[in-house]
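Novice: There's a structure below that I have some questions on.
The values are calculated or read from the model by the stated rules, or taken from the named source; none is laboratory data. It should be emphasised that the depicted structure is a prediction, and the values quoted were computed from it without experimental measurement. Every residue, glycine as well, gets a Cβ built from its backbone with ideal geometry; the counts of neighbours run over all protein chains shown. The area values use the complete protein model at the heavy-atom level, side chains included, leaving out ligands, DNA and RNA. Shrake-Rupley method; radii C 1.70, N 1.55, O 1.52, S 1.80 Å.
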Amino acid sequence: MRLEKIQRVLKEKGMEYAYNEEDGCGSLDFLYRGIPYHIWEFADGKEPCGVETNIRNAGRTEDIEGDYEETVCRELKSWP
């Protein structure tokens, strides 16, 4: 199972989501206030190294690398 910290935050907020995993990378898809969001891990080699997501701007995706789970969790926790 991947993206466990992010899944915990989504559960704490009572948000339903779909989780999938392929080639060692996790992906989460969910709705918030009627808007679809995604968090998709990507790998540069064998290990996941970042996520592509639209959580900061629903109309535009961005890549977050480094401690991406912490960055995504912080953003999700700031949502009302």
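Novice: Scan region 14-32 and report the pairs whose first residue is more than 22 Å from Cys49 (Cβ to Cβ) and whose second residue is in a strand (DSSP E or B) and of a type in the set (S, T, N, Q), with Cβ atoms within less than 9 Å and a gap of 6+ or a chain change.
Specialist: If the second residue must be in a strand (DSSP E or B) and of a type in the set (S, T, N, Q), the pairs left are Ala18/Ser27.
Novice: Same structure again: Scan region 10-45 for residues that are within 10 Å of the chain's Cα centre (by Cα) and either among the hydrophobic types (A, V, I, L, M, F, W, C) or at positive phi (or both) and report the count.
Specialist: Residues in region 10-45 being within 10 Å of the chain's Cα centre (by Cα) and either among the hydrophobic types (A, V, I, L, M, F, W, C) or at positive phi (or both): 5 in total.
Novice: Considering only region 1-10, how many residues are basic (Lys, Arg) and crowded, with 16+ Cβ neighbours inside 10 Å?
Specialist: Going through region 1-10, the residues basic (Lys, Arg) turn out to be 2, 5, 8.
The next check asks that each one be crowded, with 16+ Cβ neighbours inside 10 Å; those that pass are 2.
Within region 1-10, residues that are basic (Lys, Arg) and crowded, with 16+ Cβ neighbours inside 10 Å number 1.
Novice: To continue, here is another question. Provide a single number: the residues in region 56-80 that are assigned to a loop (DSSP other than H, G, I, E, B) and among the hydroxyl-bearing types (Ser, Thr, Tyr).
Specialist: Residues meeting the conditions: 1.
Novice: Right, another one. Out of the residues in region 11-55 that are basic (Lys, Arg) and assigned to a loop (DSSP other than H, G, I, E, B), state the one that is least open to solvent (accessible area, probe 1.4 Å). Before you say what the answer is, go through the steps one by one.
Specialist: Within region 11-55, the subset basic (Lys, Arg) is 11, 13, 33, 46.
Filter once more, so that each one left must be assigned to a loop (DSSP other than H, G, I, E, B): 13, 33, 46.
Values: Lys13: 72, Arg33: 174, Lys46: 187 Å².
The qualifying residue least open to solvent (accessible area, probe 1.4 Å) is Lys13.
Novice: For region 56-69, how many residues meet the condition of being within 22 Å of Ile35 (Cα to Cα), surrounded by 10 or more Cβ atoms within 10 Å (Cβ to Cβ) and not small (Gly, Ala, Ser)? Let's see the steps before the verdict.
Specialist: So the first thing to find is which residues in region 56-69 are within 22 Å of Ile35 (Cα to Cα), and the list is 56-64, 68-69.
Filter once more, keeping what is surrounded by 10 or more Cβ atoms within 10 Å (Cβ to Cβ): 56, 58, 61-64, 68-69.
Checking the rest, the ones that are also not small (Gly, Ala, Ser) come to 56, 61-64, 68-69.
Count: 7.
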